[in-house]
Structures are given as C-alpha cells and as structure tokens.
Amino acid sequence: MCDYFSDETAIIDAGTSIGEGTKIWHFCHVLPDTIIGNDCSFGQNCVVGPKVTIGNGVKVQNNVSIYEGVEVKDDVFLGPSMVFTNVINPRAFIQRKEEFKKTLLKKGCSIGANATIVCGVTIGEYALIGSGAVITKDVKPFALMAGVPARQIGWVGISGDTLQFVDNKTEDEFAHYELIENSLRVIKK
C-alpha cells in the first residue's frame, strides 16, 4: 500500500519516489528517477520527469509538464498551463539531451497561468511570476515579474501581496522587509 493517492488513469513509472499525502490526479504521468515530496498536488494532465526533484507542499495545476533539468523546492505553486523549456535552441532533428539547462525554482515562489520559464534560470524565494510572463533571466527573491519578456514591476511578501514601502520599510503578516540597494532584506516576525 502506498502513502499517496493516484487516480486510476495516472501512470506512475517504476523507479519513482512519491511522498506521503501527495495527490496525483487524472491523466498524469510520472516518469522514472523522479522524486516528489510530501503533500504535493498534481492537477489533471501533468507530466513529471524523468529525473526531476519536487519538494514538499508543491501545488501543480492542470496541464503542466516538468521536464528533466527542472528542480522545484518546497511550497512552490505552478499555475495552469505554465511552461518549462530545457534546451535553448531545440530542433526536432537534433538530439540535445546533453545540453539540458538546469532551472531552479526556490522555496515559496509562484508561477502564474500560461507563464513560460526559459531554461537555465533561477527563480528566487517567494518571487511571483505574473500570468503569461516569459522569464528569460534569473529572478530575485520576492520580485514581482510581468510582461514579455518579463521585467520586475515591484516586490511581494511571503504572503504574496504586493509590498508598499515607506522609508524603504514595510511588513506583512509573516515578516518585516527593508529595501536596500534594489534588494529586499527580510526579517521574520
């Protein structure tokens, strides 16, 4: 007996590790050598792997494919139909598996619906990527990103709410924040 739930239409390949309390819904496919943490949720029609690592408490909405080269830390949210890539210059007639670029999503970041994450970037802790944005370079922790290509339009707190600063200081229910030379310093409450 397993400690996770998978719908009868989901395919879980041998050689996977899936944590307790995780739910994998309709028409998902988890490929070999994939590690999924505890208390994750995968909406319908998701593909994960091979060789992907997913942390604890990750929420993956419908129609998301997480390819080799992607690493997802704890408490990340992946919105419906958002897209990852793993090769910069793909061609159908050229095998480039040795050129897969690592993409790292750090703790607590959120990716909006239909956003595209071009391979080889790191998205910082608690960053928020707006729906439809195209990320082509690294994203700072707590950055609010929007547009094509995406650019930083503000800052968000751990709560996900947009931060408003007075004398370069603000807070939300989780932390105090200080803006110093275009970086956010966080002091947890």
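Using a Gaussian network model of the chain whose springs link C-alpha atoms within less than 10 Å, name the residue from Val87, Val30, Val134 with the highest mean-square fluctuation. Per the Cα network of the chain with a 10 Å cutoff, Val87 tops the list.
Rounded to whole Å, the principal axis extents of the Cα atoms in the chain read 55, 42, 23, largest first.
Of Gly69, Gly112, Gly154, the residue with the greatest mean-square motion in the GNM of the chain, using alpha carbon springs below 10 Å, is Gly154. DSSP beta bridges fully contained in the stretch 5-162 are about 15 percent antiparallel.
The mean sequence separation of alpha-carbon pairs under 8 Å and at least six residues apart, normalised by the residue count of the stretch 5-162, gives a relative contact order of 12 percent. Considering the stretch 52-146 at the alpha-carbon level, its Rg and Dmax are found to be 12.5, 39 Å.
For Ile18, the residues whose modelled amide H falls within less than 5 Å of its own, excluding neighbours fewer than 5 places apart on the same chain, are Ile36.
Here, each number is a calculation from the coordinates, and none is a lab measurement. None of the values given here were measured: they were computed from a predicted structure.
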